[in-house]
């Protein structure tokens, strides 16, 4: 009788499992091969300040550190806002001969891979060219003309003045302000500043001139007046007539201390106040101030305010130029 050996039965199954396991490993390897880490680049310069009045012999050494995690070759592309890049690859010379005083930038772009696998990374660095001639360059007399009329919320202008000095140094203006916002003119001889919200505050404008051995600077400060506002002098409910007269007497004395001020009497009706009660109370108060205390009727304003839980009287003093109180 024919008998099937167990090993012959399970051998095909084992071969199929081995084949599937190998395919899974290959698929995992393929997925790992598809993972791509972008390149990284950093840029360093051997100096950030070049002192050369004519820009002759001014050069900076630039060195890039770039990595391509997947091993692709790296291609370096250099450019600069001034001067010229000499050399290729990761280390080059930035020739700034002839560059004007001021700040200049060099840029580096690296490319790795080819076709659809190409990737880019960027870096930049900045160098200042400062004019320092062999002969001593005297600082001119630097000043700032402050604005004559200042109103908070309206733009103000600061203008520099230069007198004297020595040496053919092109003026380079750098402004800073302690508050507000420079809206135009940075880098020029005059700036305009937004003063929104500057009531009661000060602005100091500072100017620094570069290109001189000595410090060339000037400052100017302006002070905005505090906003003129009215103030609540007293507030009381429906008190007795004598108590009310005493409060009105104090109110009159305070108004007389400032002859340009105006007195406001705001009566807030209560939820149960009769319709004509506010008008009657307003007439009584006005009559007492004008006829009994001899106060100028033109300086007294009576208003009806919003409804409160109970009748309330407010006494306000409005200085000249201040907005009227809101009932």
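Examine the stretch 185-193 for a residue that is under 45 Å from the mean Cα position of the chain (by Cα) and in the same structural domain as residue 295 (by TED's automatic domain parsing), and state whether such a residue exists.
Within the stretch 185-193, the first condition is being under 45 Å from the mean Cα position of the chain (by Cα), and the residues that meet it are 185-193.
Next cut, in the same structural domain as residue 295 (by TED's automatic domain parsing) only: none.
Among the residues of the stretch 185-193, not one is under 45 Å from the mean Cα position of the chain (by Cα) and in the same structural domain as residue 295 (by TED's automatic domain parsing), which makes the answer no.
For the stretch 268-280, indicate whether the set of residues that are loosely packed, with under 12 Cβ neighbours inside 10 Å, over 30 Å from residue 179 (Cα atoms), within 50 Å of the chain's Cα centre (by Cα) and modelled with pLDDT under 95 is non-empty.
The initial filter retains those residues of the stretch 268-280 that are loosely packed, with under 12 Cβ neighbours inside 10 Å, namely 271-272, 274-276, 280.
Applying the additional criterion that residues be over 30 Å from residue 179 (Cα atoms) yields 271-272, 274-276, 280.
If we keep only those that are within 50 Å of the chain's Cα centre (by Cα) too, we end up with 271.
From what's left, modelled with pLDDT under 95: 271.
Yes.
Just to check your reading of the model, which residue among 204, 199 is within 25 Å of the chain's Cα centre (by Cα), assigned to a loop (DSSP other than H, G, I, E, B) and assigned by TED's automatic domain parsing to the domain that holds residue 157?
Values: 204 fails: assigned to a loop (DSSP other than H, G, I, E, B).
On inspection, the qualifying residue turns out to be 199.
Which residue out of 165, 187 is loosely packed, with under 15 Cβ neighbours inside 10 Å, modelled with pLDDT under 90 and part of a loop (DSSP other than H, G, I, E, B)?
Result: 187 is the single residue among 165, 187 that is loosely packed, with under 15 Cβ neighbours inside 10 Å, modelled with pLDDT under 90 and part of a loop (DSSP other than H, G, I, E, B).
Restricted to the stretch 88-114, and to residues that are crowded, with 18+ Cβ neighbours inside 10 Å and more than 30 Å from residue 169 (Cβ to Cβ), which residue is farthest from the chain's Cα centre (by Cα)?
113
The values are calculated or read from the model by the stated rules, or taken from the named source; none is laboratory data. Model, not experiment: these values are computed from the prediction. Methodologically, a virtual Cβ is constructed for each residue, glycine included, from the backbone with ideal geometry; neighbour enumeration extends over all protein chains shown.
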